[in-house]
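Okay, so here's the structure we're looking at.
The values are calculated or read from the model by the stated rules, or taken from the named source; none is laboratory data. This structure is a prediction, so every number in the text was calculated from the model and none was measured. Neighbour counts run over all protein chains shown; Cβ positions are idealised from the backbone, glycine included. Ligands, DNA and RNA are stripped out before the accessible areas are found, and what is left, the full protein with its side chains, is counted by its heavy atoms. Shrake-Rupley method; radii C 1.70, N 1.55, O 1.52, S 1.80 Å.
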Amino acid sequence: MTALVAAEAPLAAPPVDRASVTHSVSEACARASAYAMPLIGADIVLVAQRTGRTLSEPVVALVATPPFTQSAMDGYAVVACDGIEVGTRLRVVGRVPAGSRGDEIAPGQATRLFTGAPIPEGADAVIMQEHVDRDGDSIILRRAIRVGDNIRIKGEDVQPLEILLQAGERLDARHVALAAAQGIGTFKVRARPQVAVISTGDELRQAGNALEPSAIYDSNRPMLLALIEQSGLVPIDGGWVPDRPEMIADRLRCMAERADLVVTSGGASLGEEDHALEALVRADGSGETLKIALKPGKPAVVGRIGSAAYLGLPGNPVSSLVCWLLLGRTMTSSLEGREPPRRLGFPLPSKSAFARRAGRTEFVPVKLVEGHDGLGVEILGRGGSARLQPLAEADGLAEIAAENDGVRPGDVVLFHPLRGGFAI
Ligand code: AMP
Ligand code: MG
């Protein structure tokens, strides 16, 4: 797959904007997404294998499903419209397993039928096998039955030519089943964004190397590559670069030729040791530093370089994760031509108190707890933006509203699961 970017109008953003305004999380996401244009190019993929991809064209129903009127139960097809009551005796004249067909029946007759078998001509209801007594080649009804009982009507799920899936739908197993039930063998999907990840920072060491005093191991790059992989995107390991703007610029240029989105971690703030924006400009890119009313999360840099979008994440691992989930996923949705991810969260009461100042939306690691008063979340201590242990223990992140000036037990927070897929 080639990573092409649609030729669109250049961005209005100035090349460098030294973050004078603080953006809300949604404003920051909207700005980030403006730097990521939908990729052109589509792939044809087999229905059975492709989840996580985004449809490039709507899927239209070819046939009705079910394709014929059929039994929803193991039982007996009967003619109910003539009125059949408890105690009625009917003669069993045929036997139809799923996959075969039976002959027409008349009032007073019944056909032994199994789930998924076509309803014989003349029949209009199925009585469950548990609701009859079998007596030789007859059945005696133990329950009354009405027209339509236990029958799935042709086309009751899907009618031919109905639009089943819209372009932009992110495919999962349910969509695979819906298309497969139509006999559709392939999907036309959007190009899968390739995302390069570069770590920056003099203090970073890689696994297998000794850790001298003042050094730490690089955890962001493996984490981000895992997140990217998990989201069905193509990860590209862009390696590590020290805090040297010219070296970061070289690596950015090189990765921008291979990737649709280039992500760096570290040095995204406005201090003298923060070089992300400077490196972007040196590499002939353009962008801006976004100050976000978000905790954890120092400023992030968003922009473009060549035909790639650019995201500079803060170095602190939890900030890096949260900013990726918010800004990174918004940008990759944009590249895939999808609506930005909906950040809904489940409103749940906090079981813990948590001191904080109003002003910034805060994400804290939490565990789900079931108490006598119902489900709630327990905040796992003061996570801190560098602490990975509470994050690894957490069931999810709780989003605390910007205006909350200290969480009291019972205050509602928004729970975003971290297990079984990230949901913020
Ligand atoms: P920075 O955003 O460069 O100011 O870094 C903030 C903090 O995050 C510092 O303590 C860095 O050492 C740490 N940090 C930066 N990059 C990484 C990384 N790739 N893995 C783990 N920690 C990092
Ligand atoms: Mg640094």
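Of the conditions (1) near ligand 1 (Cβ under 10 Å from one of its atoms); (2) closer than 20 Å to THR330 by Cα, GLU288 fails just one. Which one is it?
(1)
Where in segment 62-161 are the strands (runs of 3 or more DSSP E), entirely inside, with at least 1 residues that are open to solvent by 20 Å² or more (accessible area, probe 1.4 Å)? Lay out the reasoning, then the answer.
On the way: elements: 75-78, 89-96, 109-113, 125-128, 132-135, 138-141.
Result: 89-96, 109-113, 125-128, 132-135, 138-141.
Restricting attention to segment 206-231, which residues are open to solvent by 40 Å² or more (accessible area, probe 1.4 Å) and more than 16 Å from ligand 1 (Cβ to nearest atom)?
Within segment 206-231, ALA210, GLU229, GLN230 qualify.
Quick check on segment 371-387. Is at least one of its residues touching a residue at least 12 places away in the same chain (Cβ under 8 Å), within 20 Å of the chain's Cα centre (by Cα) and within 21 Å of ALA226 (Cα to Cα)?
The answer is no, given that none of the residues of segment 371-387 is touching a residue at least 12 places away in the same chain (Cβ under 8 Å), within 20 Å of the chain's Cα centre (by Cα) and within 21 Å of ALA226 (Cα to Cα).
As an exercise: evaluate GLY239 against (1) surrounded by fewer than 24 Cβ atoms within 10 Å (Cβ to Cβ); (2) within 15 Å of LEU325 (Cα to Cα); (3) modelled with pLDDT of 95 or more and give the number of the one condition it does not meet.
GLY239 satisfies every listed condition except (2).
For VAL301, all conditions in the list (1) open to solvent by less than 10 Å² (accessible area, probe 1.4 Å); (2) at pLDDT below 95 hold save one; what is the number of the exception?
Of (1) open to solvent by less than 10 Å² (accessible area, probe 1.4 Å); (2) at pLDDT below 95, only one is false for VAL301: (2).
Under the condition of being open to solvent by less than 20 Å² (accessible area, probe 1.4 Å) and more than 16 Å from ligand 1 (Cβ to nearest atom), which residue from segment 177-205 is nearest to ASP250 (Cα to Cα)?
PRO193
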